[in-house]
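First comes the structure, then the notes that go with it.
A short reminder: the numbers here are calculations on the coordinates, not readings from a lab. In this text, all values refer to a predicted model and were calculated from it rather than measured experimentally. Every residue, glycine as well, gets a Cβ built from its backbone with ideal geometry; the counts of neighbours run over all protein chains shown.
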Amino acid sequence: MKILLIYPECEETFWNFKKVLKVLGKKAAYPPLGFLTVAAMLPDYWEKKLIDMNCETLRDEHIEWADYVFISSIIGQKHSTNRVFDRVHEIGKTVIAGGSLFTTGCEEFSHIDTLVLGESEEIIPTLIKDMENNNLKKIYSMEEFPSIQKAPIPAWDLIDLSNYNSVCIQLSRGCPFNCEFCDVVHLNGRTPRIKSKEQIIAELDSIYKIGWRAGVFFVDDNFIGNKAILKKEILPAIIKWQKENKYPFALSTQASINLSDDQKLMKMMTDAGFATVFVGIETPDPDGLEECGKYHNKNRNLLESVKRIQNMGFEVNAGFILGFDSDKATVFQNQIDFIQKSGIVAAMVGLLNVSPKSRLHDRLKKANRLIDNKNASNENTSELSDLNFIPKMDAATLIDGHLKVLTTIYSPRFYFARIKTFLREYRPKKIKPPKIRFYHIRGLVSSLWFLGIRNSGRHYYWSLLLWSIFNRPGLLPYAVGLPLGLLHFRSLAWATEYNTYYRES
């Protein structure tokens, strides 16, 4: 059996960093971890090829070679996925599709031959049997959330890891919180399922043995969803492994803001080599937090929480949302002020989006506030083209306010000021620095050239470097490296600006 696995091209989003990756000589931020895990579940005697369209071109001969074509996609790959499906069907091959794009929106993909909905550990054995018997069903779905301890080590041999900026692994699935806008509880459950320490060490060993010596991103919905097991078993094992192997990996992950309440946990994470954490802040407005069910963010000083995490040795990246019913006209400036004061350099600020499997979807559907094709054709809804729901705030005001936030925080003056604020708070754990590699040199040269010479805001860049030399000389590599993010974030802001004015014109 010949299986072609296609990972479609990702659209330009906060997570892509395409411009930064290009100057570093990389092609994509992360490999398709879920797809590589699925590939490892397929029989060894099957022939398998994986085409990550973010790294290489899909050719007709790839498709013609295969007996079956697997496609795995997230929402940010929807347009590319549809193009791939049309192309594969023109050549006459059967498509088996899975991933969150299909699990949360399977109704839109009834034209696809076979859909795999949900996690694969319990589904794949039946799917394999039916493929070998030429008896594929239309839909395969899980009856309950499977044990994550059944997940195999990903099939790293199917990709060229040198194409990627960071490798990713997974410790757990699920999140104990149930924010209204989020579909994680539907996708992965509310009770975090966690791998054994032996599994995690085996996965770290697997990427170490193939020569990886850079970043490793734990892709968990909420890394600290099960603090007890984390502190008792997982982190001690990772700490031991990192020490024995001289800290070959810089670790990063996603966690809820209540990480800041547990100093012991933060210390153990930094001892394990964690240096970056993405946090969902959403809004500094208590009414917005109440509305979306982000109760663990309420009744706390969010600025102080961020600073505590930074003081313990983490770079904090964060997500913010505009478009809650409770948002007032002041929300845009409040978001800007919070982001600047927090020193959150990489701030993902997006318009509220309604996931089809979220509690928000159910509420807005009952209120007849979802935008479908019928609504979108109404003459009074043309300004809603960037939204998939009818907001309480005037839609044009919301979209223009979102643009204001992006163009402000990703202007050179605000961006470099935020880096300086972060460096004042940042207290990294002293770990032997990684071996200098070619992409580090490329990053240094690119930083000096694109931001120190070509950029119109270059005086802010040199001011930051001089400030770092005299005030935080040990953090000079961060003062050089973090500015590269501006290449990516400004392009996102410009794209938003273009789309906004194109809509208005």
_Computed log₁₀ I(q)/I(0) - Debye formula, equal Cα scatterers, no solvent, the stretch 127-232, q 0.09, 0.17 Å⁻¹_ = -0.32, -0.98
*Most exposed first by the Cβ proxy, i.e. fewest other Cβ within 10 Å, how do Ser110, Ser326 rank?*
Ser110, Ser326
*If you project the alpha carbons of the stretch 149-350 onto the principal axes, what extent comes out on each, in Å, largest first?*
54, 35, 33
*Just for the stretch 149-350, what percent of DSSP beta bridges are antiparallel, to the closest 5?*
10 percent
*Using the structure shown, list the pairs from Lys22/Lys328; Lys246/Lys307; Lys232/Lys429 with a Cα-Cα distance above 31 Å, or answer none.*
Lys22/Lys328
*Report, for the chain, the % of DSSP beta bridges that are antiparallel, rounded to 5.*
5 percent
*If you check each cysteine of the chain for another cysteine whose beta-carbon is under 4.7 Å away, which ones come up empty?*
Cys10, Cys55, Cys106, Cys168, Cys175, Cys292
*asked:* Only counting other Cβ atoms within 10 Å, I'd like Glu108, Glu9, Glu282 sorted with the fewest neighbours first.
replied: Glu108, Glu9, Glu282
*So, in Å, what gap is there between the alpha-carbon centers of the stretch 300-340 and the stretch 248-272?*
19 Å
*Pulled fully out, how much extra length does the chain show between Asp113 and Ala202, if you take 0.36 nm times their separation in residues and subtract their Cα-Cα distance?*
28.5 nm
*FRET efficiency, 1/(1 + (r/R0)^6) with R0 51 Å, evaluated for Glu144 and Val445 via beta carbons*: 0.45
*asked:* How would the stretch 60-171 be classified by its alpha-carbon gyration tensor: rounded, prolate or oblate, with rounded meaning a/c under 1.5 and the a/b versus b/c comparison settling the rest?
replied: rounded
_Reachable lysines from Lys18, criterion Cα separation under 22 angstrom, eight or more residues apart if same chain_ = Lys26, Lys27, Lys78
*If you take the square roots of the eigenvalues of the alpha-carbon gyration tensor of the stretch 1-147 and sort them as a ≥ b ≥ c, do you get rounded (a/c under 1.5), prolate (a/b over b/c) or oblate?*
prolate
_Estimated 222 nm signal from helices in the chain, with DSSP H stretches of n ≥ 4 weighted -39500 (n - 2.57), rounded to 500_ = -12000 deg cm²/dmol
*Kirkwood Rh, the stretch 117-183, all Cα pairs: how many Å?*
15.2 Å
*Rg ratio (alpha-carbon, reference 2.2 N^0.38 Å) - the chain*: 0.98
*Please order Arg454, Arg87 by the number of other Cβ within 10 Å, starting at the fewest.*
Arg454, Arg87
